[in-house]
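Every number here is computed from the coordinates shown, using simple stated rules; none is lab data. Everything quoted here is computed from the prediction, not taken from an experiment. Cβ sites come from the backbone with ideal geometry, for glycine too, and all protein chains shown count toward neighbours.
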Amino acid sequence: MKTETFYEVMERQGITRRSFLKFCSLTAASLGLAPALVPRIVNAMETKPRTPVIWLHGLECTCCSESFIRSAHPLAKDVVLSMLSLDYDDTLMAAAGYQAEEIIANIRQKYKNNFILAVEGNPPLNEDGMYCIHGGRPFVEVLKETAADAKAIISWGSCASWGCVQAAKPNPTRATPVHKVITDKPIIKVPGCPPIAEVMTAVVTYMLTFDRIPELDRQGRPKMFYGQRIHDKCYRRPHFDAGQFVEEWDDEAARRGYCLYKMGCKGPTTYNACSTVRWNGGVSFPIQSGHGCIGCSEDGFWDKGGFYNRVTGINTFGIESNADKVGGTAAVVAGAAVAAHAAVSALKRARSHNDQGKGGN
């Protein structure tokens, strides 16, 4: 049976052509693409069959799935029911038992090297993987077996990307990120605890539209969402530059919305789109809610000093708080420059006078 395209599914559901084109434009905007690329998205949605996806769960808390189903642009239902052929996901699927496990075998055979493997959570390697059982077998076995036939792998969340709390010291189960177990397939890491919903759906949309993985940074994360620090686009950044910080929870500075750096905010060292895309349909993000960033999208954040310990090695300038000092320094420099200029001018005049005297003699 031929797999339907995205547009065919939308058309069958009664969606108008106008609404379809509007959806493609919104999708391009959420991906940060230029309007000129909208026709490519339209073409992909009209012509390419929906991408088969197998979504596996290892050691995790299902927060990535919870985030995914709350996507607003595009809606998760459009991604799951229209853009993707989500054939296996033991959190969302209706099938159970051997019928569910047969789906994995069928997809692997029918779409060999042409399906996406999405992984939420990670495999534990201790005790031969017995700390996480999937369908009566160690999850690490199922992961390796399924990955062998996949086109690419998406590591959802910090658990799959870095190990997260399961891999925190002393890591008794030897919880291990996906890329350290699967080394021969393209892997797109989408870290966060959980990742932003729109980031998750946008990565899938990009792969469907351009038939390739997005450009990745040196750690394997999509640059379009992990290319800048949260600190760079944070609306509290002016307070950081001004040296205006919250000193204690719920103090006057906190009420005024000052920078949370001294309260342990990891925004200056965390790469993610939280301060631009934000959460819950763009409504807010942790810093806007009064809590500092905990750096959940960075490798080993559980073992890096805790949530409320300040990042070290960050030099705060504090423009306003140091204005007098900066002004004084500027005055000294300016004064020195004036004195130097006067001295040079006097020296030139003396030489000129001396030369004139010699010429007269």
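At 0.36 nm per residue, and after removing the present C-alpha to C-alpha distance, how many nm does the segment from Asp128 to Lys112 gain when stretched out fully? Intermediate results must be reported in sequence, preceding the final value.
On the way: separation 16, 0.36 × 16 = 5.76 nm, distance 2.74 nm.
Full extension from Asp128 to Lys112 adds 3.0 nm.
Filter the cross-link list Lys223/Lys266; Lys169/Lys262; Lys189/Lys304 down to pairs whose alpha-carbon distance in this structure exceeds 24 Å.
Result: Lys169/Lys262 exceed 24 Å.
At 0.36 nm per residue, minus the direct Cα-Cα distance, what do Lys185 and Tyr308 gain on full extension? Give it in nm, one decimal, please.
My answer for the length gained is 40.6 nm.
Work out, step by step, the length gained on full extension between Thr16 and Lys223: first 0.36 nm times the residue separation, then minus their alpha carbon distance; give nm to one decimal. Write out the running numbers ahead of the final one.
Working: separation 207, 0.36 × 207 = 74.52 nm, distance 3.35 nm.
Gain on stretching Thr16 to Lys223: 71.2 nm.
How would the stretch 80-146 be classified by its alpha-carbon gyration tensor: rounded, prolate or oblate, with rounded meaning a/c under 1.5 and the a/b versus b/c comparison settling the rest?
It comes out prolate by the Cα gyration axes.
Suppose R0 equals 22 Å. What FRET efficiency, 1/(1 + (r/R0)^6) with r the Cβ-Cβ distance, do Glu8 and Asp211 give to the nearest 0.05?
That pair, Glu8 with Asp211, gives E of 0.75.
Starting from the amide H of His134, placed 1.01 Å from N in the peptide plane, find each other amide H under 5 Å away whose residue is 5 or more places distant or on another chain.
Those lying under 5 Å, H to H, from His134 are Phe139.
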